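The block underneath contains the structure these notes are about, expressed in structure tokens.
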Amino acid sequence: MTASPPHQARHGLSYDQAARRVPAAVEYAQAHNYRMSFVVLDAGGHLLMAGRMAGARFLTPAIARGMAYAPAVTGRSGGAMTESYLAHPALWGNAAALDYGAPLLPARGAPPVFVNGVLVGAMGASGGTAGARRGGRRAAIQALGFQRAPS
């Protein structure tokens, strides 16, 4: 019997953990008067929790999900995804079709989340400045004591 790859470990991001992360991010955004959306995905890219604050633009949840998808399933940062897109645009032009239209935005702003060195998913944020997105995600990650990969 072979061991599962780290990103397929049995210990993943739970619904309860996701349900605590979004409110922590929203609290940070409210404290700074931002109107944002936050999305938490598991390591399979599946939606666990999403939250759109009052006043956030209507596309922000979809953008946050698209930003979090590739880091959630690959463990690579959004910055690494952006660099890959710039180096290989033809590949990325067809990437979304490979997973039946997965919401895939190769953009900075959604680092993968690890627990004890195991990839468990990612959290995306949209609707604020880069600093606002980073601060909201950091507040959510710190609320549960998670680690994130360097951006």
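Just one of the listed residues (26, 40, 115) is among the β-branched types (Val, Ile, Thr), under 16 Å from residue 128 (Cβ atoms) and either modelled with pLDDT of 80 or more or surrounded by 13 or more Cβ atoms within 10 Å (Cβ to Cβ) (or both), namely 26. Any residue in segment 24-32 that is in a loop (DSSP other than H, G, I, E, B) and either over 20 Å from residue 142 (Cβ atoms) or β-branched (Val, Ile, Thr) (or both)? Taking every residue of segment 24-32 in turn, none turns out to be in a loop (DSSP other than H, G, I, E, B) and either over 20 Å from residue 142 (Cβ atoms) or β-branched (Val, Ile, Thr) (or both). Working carefully through the options 50, 31, find the one that is farther than 22 Å from residue 120 by Cβ and surrounded by fewer than 22 Cβ atoms within 10 Å (Cβ to Cβ). Checking each option against the conditions leaves just 31. Does residue 48 satisfy being at pLDDT 90 or above and more than 14 Å from residue 137 (Cα to Cα)? Answer is yes for this residue.
Sort out which residues of segment 33-76 are closer than 14 Å to residue 107 by Cβ and touching a strand residue (DSSP E or B) at 6+ places or on another chain (Cβ under 6 Å), and write them in order of number. The answer is 39, 60, 63, 64, 65, 67, 68, 71, 72.
Just one of the listed residues (97, 70, 140) is at pLDDT 80 or above and part of a helix (DSSP H, G or I), namely 70.
The values are calculated or read from the model by the stated rules, or taken from the named source; none is laboratory data. Owing to the predicted nature of the structure, the values given are computational and were not obtained by experimental measurement. Methodologically, a virtual Cβ is constructed for each residue, glycine included, from the backbone with ideal geometry; neighbour enumeration extends over all protein chains shown.
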